[in-house]
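Here's the structure we're looking at; comments come further down.
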Amino acid sequence: MDSAARDKTQPVLPTGSSCPGPEWPEQEKAEQLARGAALKWASGIFYRPEQLARLGQYRSREVQRTCSLEARIKSVVQSYLEGVKTGVWQLAQALEAVRGAHEALGQAHGLLRDMAEAAQTLEPLREQVVQHKQLQALSQLLPRLRAVPAAVAHTQTLIDAQRLLEAYVSLRELEQLQEETCAPLGGLELPVFEGLGPLAEALGQAVEAAAGAAGQLARKDPALLVAAVRVAEVDAGRSTSLEQAPRDWRQRCLRALQQGLERVHFRTSLQPGPGALAKWLEALRVALPAELAMAEALVAPCCPPHYKVVQLWAHTLHDGLRRCLQQLLEGPELEEADTFTLLHWALHVYQGPEMMGSLELGPEADVSDLEPLLTLENIEQLEATFVAKVQAKVAQWLQKALDGEVVEWGREQEPDTDLSGFYHSPLPAIVLQILEENIRVTRMVSVSLQQRMHGMALSELSTFLRSSSVSVLQPEWVVPGVLAPVEAELDKLQKRICRLVLEALLAELQPLFAALPSRRWLSSPELLDDVCERTARFCQNFRHVRNPAVQLLLVEAERTVVLQYLSALMQGRLVCRGADERTQAAERLQHDAAQLQELFLGLGLEESVQCVPVLLALKELLNLRDPTLLGLEVAGLRQQFPDVSEDHVSALLDLRGDVSREQRLAALSSLRAGPQPSPPAGHRALFSLVPTPAPSVASCFPSGSCA
């Protein structure tokens, strides 16, 4: 299109019209700046008069410049006006196009409305077409559909006959027919296929039953086991166009393998009753390794490698046994024999070379990550129960044995003696042998059980006298000194027995000491001779007792005699009438001390442990010539025997018969002078065990005991 034609189609602006547009504030400012700059330039150029001659040149130059600027401005304005004309023309063209499109859309909308009305009139025809297609498909499949009930019955017959592969093929043919029928019918389910669901479930149950009897089938009918596994594997890869839940026969097959294995070995009817645990565990010791060997040799070849049959067998047997043992522990408490058997079997036999630790069990069994049969809590509970029951029986047996021993030693005849002539009882040896045997047996289970049993044995030994055979119960790993509490308890019991034995000696000596001291005692050793004779005769029976018990008996016998002697002196039966009688009393004390010391030395008691030297200390108190020095003698007596009291000293001063009130006060005050002396090493209380008579009124003084 040329410019003339374009001018005809474009809108024409009215002549003389101008588009000055709105006033610009910047325009006025620009004119002011331009005028100011021109004035500044002109004032600078025409400042001097000689430059006025060139004014015409400057004027012509500015005129040319002004004309050039006006030409450029006209060109720009003309170009702008042409662009505006073009834009207006394009807008007019676009408006015409929009009006045409609007009219076309209105026509299309009307056509669509007419087509929808036509489609509604064709809907019955469309339904008839669909029904026609379905009837056509059914007419083609009708011969096969008529055979479906017979095929279902035939498949059920194959399942009942355990022909699983053939039954599965028949089932799949029926299911494919169902899919072929369902597609053209738009998902419509025909009643003829209602029996396929129960039929598939029956086949799945048959597969499960075969897998559950895998061990038996692997020996007698491996083909049936292979068929069941193949059916499960083939069905795992089945795809269907029907909206059906997956059958997952592979997992059902694996679960059936596990459940069948647990049912064979761990069903409730096979769990042991009271007293039958050992027999049950022994049967498992034989059966489980045989089961694993059978699985590796017979079952594994019948299954795909990814079944990991040997590992499945090992883990299933282990888990089943573990659950069975947990149920057993949750039931009635086991007897000690069953408890010991279970601990030994679970910790040693099961993990030993005969079972899970067998070298014949290959790595495919993967038994390294199996959980322990018994948890730490189970083991601790079983060990505590076992030790408690054993301790109760041991205590009961010991009590009966002690009762029998008491009856045996209470007979009229003399007790049995060994080859050395010592009284002998086999009971301690039997007790130690039983306890040591219990400890030795527990070593077969665990160190912790051995330690528990060792502690029980030590606690039970507190009922028996200590012997040199106790050391056999102290193994090398026991900390030295662990027997100290038991030995201390046994020492107490041994001393108690000594006191019971010496009560008979005390009963014989008390009538003799009732006549001591006396005038007869001062003049004759006859009274002490009787004491020594009866004591020697009584202690002769000690020759049948072994050391150290015989030494303990002699120590207590000598102490008993000395205490009776001191008690007699303190009773105030004799008061010396003069220096001669005091000398006689001192000599009698010295003679008696020597006689008693000789007696017990002859019986075998060491001099260092005797109490007789106390009589020599009392001899010095009686033999003192100057009563004013009694304070020093009493202080020396207090240093040797810190448990001597004022009552004892008063009784001894009464025996002297020559001590005035002032001298008595001075002597007794020495007992209170200075700190209480410490007992010598190895000192045993002596005076504190000697009773004294109540002091008479004449002997009472403000600082004495009567105060």
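Given the criterion more than 60 Å from the chain's Cα centre (by Cα), surrounded by fewer than 17 Cβ atoms within 10 Å (Cβ to Cβ) and over 25 Å from L618 (Cβ atoms), identify the matching residue among A536, A507, A514. Testing whether each residue is more than 60 Å from the chain's Cα centre (by Cα), surrounded by fewer than 17 Cβ atoms within 10 Å (Cβ to Cβ) and over 25 Å from L618 (Cβ atoms) leaves just A507. Of the residues contained in the range 114-127, one or more are found to be at pLDDT 80 or above and open to solvent by less than 80 Å² (accessible area, probe 1.4 Å). Check the range 678-686 and report whether any residue there is at pLDDT 80 or above, part of a helix (DSSP H, G or I) and closer than 20 Å to A568 by Cα. Among the residues of the range 678-686, not one is at pLDDT 80 or above, part of a helix (DSSP H, G or I) and closer than 20 Å to A568 by Cα, which makes the answer no.
If the condition is being free of Cβ contacts under 8 Å to residues at least 40 places away in the same chain and in a helix (DSSP H, G or I), then the range 540-561 contributes Q540, N541.
Matching residues to (1) closer than 30 Å to Q450 by Cα; (2) crowded, with 17+ Cβ neighbours inside 10 Å:
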site	(1), (2)
R255	no, no
Q258	no, yes
R267	no, no
K279	yes, no
A290	no, no
E296	no, yes
C302	no, yes
C324	yes, yes
P332	yes, no
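Going by the structure shown, is M453 more than 23 Å from Q396 (Cβ to Cβ), in contact with a helix residue (DSSP H, G or I) (Cβ under 6 Å, 6 or more places away or on another chain) and at pLDDT 85 or above? No; evaluated as a whole, the condition is false for this residue. Taking L516 as the residue in question, decide whether it is without any contact (Cβ under 8 Å) to a residue 60 or more places away in the chain and not in a loop (DSSP other than H, G, I, E, B). The answer is no for L516.
Checked across the range 576-586, the condition of being touching a Gly at 6+ places or on another chain (Cβ under 7 Å) and open to solvent by 40 Å² or more (accessible area, probe 1.4 Å) holds for at least one residue. Any residue in the range 608-622 that is open to solvent by 10 Å² or more (accessible area, probe 1.4 Å), farther than 30 Å from A549 by Cα and either in contact with a strand residue (DSSP E or B) (Cβ under 8 Å, 6 or more places away or on another chain) or part of a helix (DSSP H, G or I) (or both)? There is at least one residue in the range 608-622 that is open to solvent by 10 Å² or more (accessible area, probe 1.4 Å), farther than 30 Å from A549 by Cα and either in contact with a strand residue (DSSP E or B) (Cβ under 8 Å, 6 or more places away or on another chain) or part of a helix (DSSP H, G or I) (or both). Please pick out the residue among I439, I430 that is open to solvent by less than 40 Å² (accessible area, probe 1.4 Å), modelled with pLDDT of 75 or more and part of a helix (DSSP H, G or I). Every option except I439 fails the conditions. The residues of the range 327-341 that are within 29 Å of R255 (Cα to Cα) and in contact (Cβ under 8 Å) with a residue 40 or more places away in the chain, listed by number, are Q327, L328, L329.
The values are calculated or read from the model by the stated rules, or taken from the named source; none is laboratory data. Worth saying up front: this structure is predicted, and the values here are computed from it rather than measured. Reconstructed Cβ throughout: ideal geometry from the backbone, glycine too, with neighbour counts over all protein chains shown. These area figures cover heavy atoms from the full protein model, side chains too; ligands, DNA and RNA do not enter into them. Shrake-Rupley method; radii C 1.70, N 1.55, O 1.52, S 1.80 Å.
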